[in-house]
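Quick notes on the structure that follows.
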Amino acid sequence: MGGAPQPPQFFFEAWALKVLLACHCVKAACELLRLDWDAAHRIMERGVERGLVRRKLDQLRTVGLDEKSFGSGQDYVSVMTDLDQGRVLEVVPGNETESGRQLWQALPTEQREKVQAAAMDMSAGFAAATRLEAPQAAIVHDKFHVSAMLNDGVNKVRRQEHHQLKKQGDQRLTGSRQLWLYNPENLSDQRFEDFKELLKQNLRTARAWLHKENFGGFWEQESGWAAEGYFKRWYASIIRSRLEPMKKVARTLKKHLSELLNYFAYPITNAVTEGLNSKIQQLKANARGFRSFGNYRTRILFFCGKLDLTPNAPAHRFAQ
């Protein structure tokens, strides 16, 4: 190399950004670039700052709101995603109404008013924040969250029944948890046969499972009007049962029926958000956790924000 001039900072930072994005693991990128963690982090911070200034939001129409664990215990951050372009828009601390409001306020007012729908779970905070900051946006409760609620109801029925049967020396439900919660198509042939035998028996768990499966027809209706009629019939059948955990879920769904029916006008889910959450979880694992929210936010936006991170070009170029 001898006395060859060092490359300008612009070119090194542009290269460092590409290495960091390709590695995903900052530690590995630092080793390749021969940088310490602080220097690499400053490069990422500058890239995110530039990217947020350059970011275009004029096509933003649907968003997702979700929470993600931050530290240990009950520490959370709230995340807003662009469902059409599959990118994280903003990350703020907490998971309460104020956190949701901060997410919405991160969008320019003109753009915020153009958002047509927002997918979220049934937590009160995000819905309240949306009604305050983006009242024109339809709230669409995420179908995968509904599925998780129904699965939880089935599992509670199974646990109650299993406890009662064990007192009588009946072990039919022992080791059957995954049979009721997983897609039967994903079971091995033997486990599928075991499951069919359980379904034939007069078990409260089997009835709860059938109610859960029947709810899937709600999402397959051709219109909101048809879906409302389907829900009323499903609700009536489950309320007549003695399956208290499932009745509790059904009452919750009835309370939020209007937001469930919004799906038929805006068929969006938080599947994109969940995919990004998996990526965020991997970032957290690679870093072995984060002590600083600011560092966590920078890392998420750097890797999941689809930002234009490129450093500003120098005013002149060196002669070749």
| note | Heavy-atom accessible area per residue of segment 1-152, all protein chains kept, 1.4 Å probe, expressed in Å², is 49
| field | Karplus-derived HN-Hα couplings along segment 180-186 (A = 6.51, B = -1.76, C = 1.60, θ = phi - 60°), whole Hz, x at Gly and Pro | value | 8, 9, 9, 5, x, 5, 8
| Peptide ranges 278-286, 149-157 listed from the most packed, as the mean C-beta count within 10 angstrom indicates | 149-157, 278-286
| task | Could you order peptides 239-248, 164-173 by the average number of other Cβ atoms within 10 Å of their residues, highest first? | result | 239-248, 164-173
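First compute the accessible area of the chain with a 1.4 Å probe, then give the percent of it belonging to carbon and sulfur atoms.
Values: 8670 of 17510 Å².
On the chain, the fraction of accessible area on carbon and sulfur atoms equals 50 percent.
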| message | Explain nothing, just the number: dipole magnitude of the chain about its Cα centre with +1 on each Lys and Arg Cβ and -1 on each Asp and Glu Cβ, in debye rounded to the nearest 20. | response | 800
| Which pairs break 31 Å Cα to Cα here: LYS254/LYS284; LYS166/LYS200; LYS68/LYS306; LYS18/LYS143; LYS114/LYS212? | LYS254/LYS284; LYS18/LYS143; LYS114/LYS212
| Per residue, how much accessible area does segment 216-264 have with a 1.4 Å probe, in Å²? | 58
| query | Tell me, what is the FRET efficiency for ARG177 and TRP37 to the nearest 0.05, using R0 = 35 angstrom and their Cβ-Cβ distance as r? | reply | 0.25
| note | Residues meeting the amide H criterion for ASP66 (H placed from the backbone, H to H distance under 5 Å, 5 or more places apart or on another chain) are VAL79
| Shape category assigned to segment 62-153 from the gyration tensor of Cα positions, a/c cut at 1.5 | oblate
| field | Label of the coordinate-derived value, volume of the Cα convex hull per residue in Å³, listed as (1) 194; (2) 127; (3) 140 | value | (1)
| field | Estimated vicinal HN-Hα couplings, Hz - segment 223-232 in sequence order (Karplus 6.51, -1.76, 1.60; Gly, Pro = x) | value | 7, x, 4, 5, 5, 5, x, 4, 4, 4
| request: For segment 197-320, just say rounded, prolate or oblate: build the C-alpha gyration tensor, square-root its eigenvalues into a ≥ b ≥ c, call rounded for a/c under 1.5, and beyond that prolate if a/b exceeds b/c, oblate if not. | output: prolate
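The values are calculated or read from the model by the stated rules, or taken from the named source; none is laboratory data. The model shown is predicted, which means the values in this text are computed figures rather than measured ones. Quick reminder, even Gly has a Cβ in these numbers, built from the backbone with ideal geometry, and neighbours come from all protein chains shown. Remember, those area values only see protein heavy atoms, side chains included, never the ligands or the DNA or RNA. Shrake-Rupley method; radii C 1.70, N 1.55, O 1.52, S 1.80 Å.
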